[in-house]
Every structure is written in C-alpha cells, then in structure tokens.
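Asks: Sharing a structure here in structure tokens format.
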Amino acid sequence: MEKKAFTLVEILVYTAILGVILTGLAGMFTWVSLVRTKVEVLTETSSEAAKAMERLSFEIRQGESVNFTQSVFDSDNGRLSLQTKNYSQTEETLDFYLCGGKLCFKKGADTQVFLTSDRLEISVLRFSRLGSDKTPSLEISLDIAFKNPQNRSEKKALVNLKSAVSLRTY
C-alpha cells in the first residue's frame, strides 16, 4: 500500500501561495483602515464647519444691527459684533471671533464659548459687508482644517465655506 504525502516542493509552493495571499490581505486591510480614517476626518471637518456656519447665520439673522465700530471686516481674522435682544427683550451684544484657531462666541458679559472642537483649526474667519448700513447683509468665509501635526495624508482635510446672510428687519 502506497502512502500519500506532500513533498517538500509542494509544501514550499503552498506556503509561497499562502504568503502572497496573506500579504495582499494585509495590504487591503491597511488600505481600508486609511480610507476609513480619511472618511472620518472629512466627515468631522465638514460637520463642524457646517454647524459653525449655521450658528453664525442663525445669530446674524436674529440680530437687530451690526456694531460696525467693534466688528472687523475683510480680514482673515475677522470679528463680528451684533446687537440683539434676548428672550426678555433686553439688548445684548453678541461677538464672533477667532481665539487660538477656534471659533469663539461671546454673549454680553458671559464667558466665551468655543463653537469648534480642539481637533480642528480655523485659518480664515472673514466677514464682508454686502448691503447698506440700514439693511446690512454679510458674506461669511470660513476655512476649517483638521489638525494634523504628524502631516499624515489620510488626516488632511480642509473645508472652505461661504455664505451670505441678511439681518432681519422688522
């Protein structure tokens, strides 16, 4: 009776084929991981940018007037100061500005609030006047990037948003 067994050559061929397959799978898993990271970074950056722009637009629409002397227009480090009324119809000032690469919001004498996370950095916050002083409209430009100190390609994300908003006139 003849015993069937693998020869050394067959074992080496099978091992080589298995090695090629495993190397391909490892490369594919690495690629999938990089793509997943890129999607997460882009999603977070886009979502934060959209939320910041929505908050700016909402507060501008609700504003009574723009404080032109306290606001900084046509600068990448812009500032917007609005006069508005709170829920009890008392006048108060709202300020939007950059502080340490984050979008900050301050209402009256309250403590400033960060509207963007520590993982993002705003390089441009620009307000431009579009309308008259009587019925002002503003253009907002916002550039937000994901912080990437290691300069990894999968963590590069930059979102540029522009919007035009008018104050409501009653």
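The values are calculated or read from the model by the stated rules, or taken from the named source; none is laboratory data. These figures come from a predicted structure and were not determined experimentally. Counting neighbours? That spans all protein chains shown, and the Cβs are built from the backbone with ideal geometry, glycine included. Heavy atoms of the whole protein, side chains included, go into the accessibility calculation; ligands, DNA and RNA do not. Shrake-Rupley method; radii C 1.70, N 1.55, O 1.52, S 1.80 Å.
Asks: Which residues, counting only those in region 117-129, are in contact with a Ser or Thr (Cβ under 8 Å, 6 or more places away or on another chain) and more than 14 Å from Gly78 (Cβ to Cβ)?
Replies: The answer is Leu120, and nothing else.
Asks: Under the condition of being free of Cβ contacts under 8 Å to residues at least 12 places away in the same chain and charged (D, E, K, R), which residue from region 40-68 is surrounded by the most Cβ atoms within 10 Å (Cβ to Cβ)?
Replies: Glu40
Asks: On to the next question. If the requirement is being part of a loop (DSSP other than H, G, I, E, B), among the hydroxyl-bearing types (Ser, Thr, Tyr) and open to solvent by less than 70 Å² (accessible area, probe 1.4 Å), which of these qualifies: Thr37, Thr116?
Replies: Thr116
Asks: Sticking with this structure for a sec: Tell me the residue from Ser128, Ser141 that is touching a residue at least 12 places away in the same chain (Cβ under 8 Å), hydroxyl-bearing (Ser, Thr, Tyr) and either closer than 15 Å to Glu48 by Cβ or in contact with a Lys or Arg (Cβ under 7 Å, 6 or more places away or on another chain) (or both), please. It would help to see each step written out before you state the result.
Replies: On the way: Ser128 fails: either closer than 15 Å to Glu48 by Cβ or in contact with a Lys or Arg (Cβ under 7 Å, 6 or more places away or on another chain) (or both).
Step by step, each of Ser128, Ser141 is checked, and only Ser141 is touching a residue at least 12 places away in the same chain (Cβ under 8 Å), hydroxyl-bearing (Ser, Thr, Tyr) and either closer than 15 Å to Glu48 by Cβ or in contact with a Lys or Arg (Cβ under 7 Å, 6 or more places away or on another chain) (or both).
Asks: Still on this structure: Can Ser75 be described as hydroxyl-bearing (Ser, Thr, Tyr), assigned to a helix (DSSP H, G or I) and under 22 Å from Leu158 (Cα atoms)? Write out each step before concluding.
Replies: Working: hydroxyl-bearing (Ser, Thr, Tyr): yes; assigned to a helix (DSSP H, G or I): no; under 22 Å from Leu158 (Cα atoms): yes.
Taking the combined requirement at face value, the residue does not satisfy it.
Asks: In region 119-170, what count of residues is obtained for those that are under 19 Å from Thr43 (Cα atoms) and hydroxyl-bearing (Ser, Thr, Tyr)?
Replies: 2
Asks: Hey, Asn160 hits all of (1) in a strand (DSSP E or B); (2) surrounded by 14 or more Cβ atoms within 10 Å (Cβ to Cβ); (3) without any contact (Cβ under 8 Å) to a residue 60 or more places away in the chain but one; which does it fall short on?
Replies: Failing condition for Asn160: (2).
Asks: Still on this structure, please answer the following. Can you tell me which condition Tyr97 does not meet? The list is (1) aromatic (Phe, Trp, Tyr); (2) closer than 26 Å to Arg119 by Cα; (3) part of a helix (DSSP H, G or I), and all the others hold.
Replies: Going through the list (1) aromatic (Phe, Trp, Tyr); (2) closer than 26 Å to Arg119 by Cα; (3) part of a helix (DSSP H, G or I), Tyr97 breaks only (3).
Asks: Restricting attention to region 74-102, which residues are under 15 Å from Arg55 (Cα atoms) and either surrounded by fewer than 12 Cβ atoms within 10 Å (Cβ to Cβ) or of a type in the set (S, T, N, Q) (or both)?
Replies: First, pick out the residues of region 74-102 that are under 15 Å from Arg55 (Cα atoms): 79-82, 84, 94-98, 102.
Passing the criteria: Ser81, Thr84.
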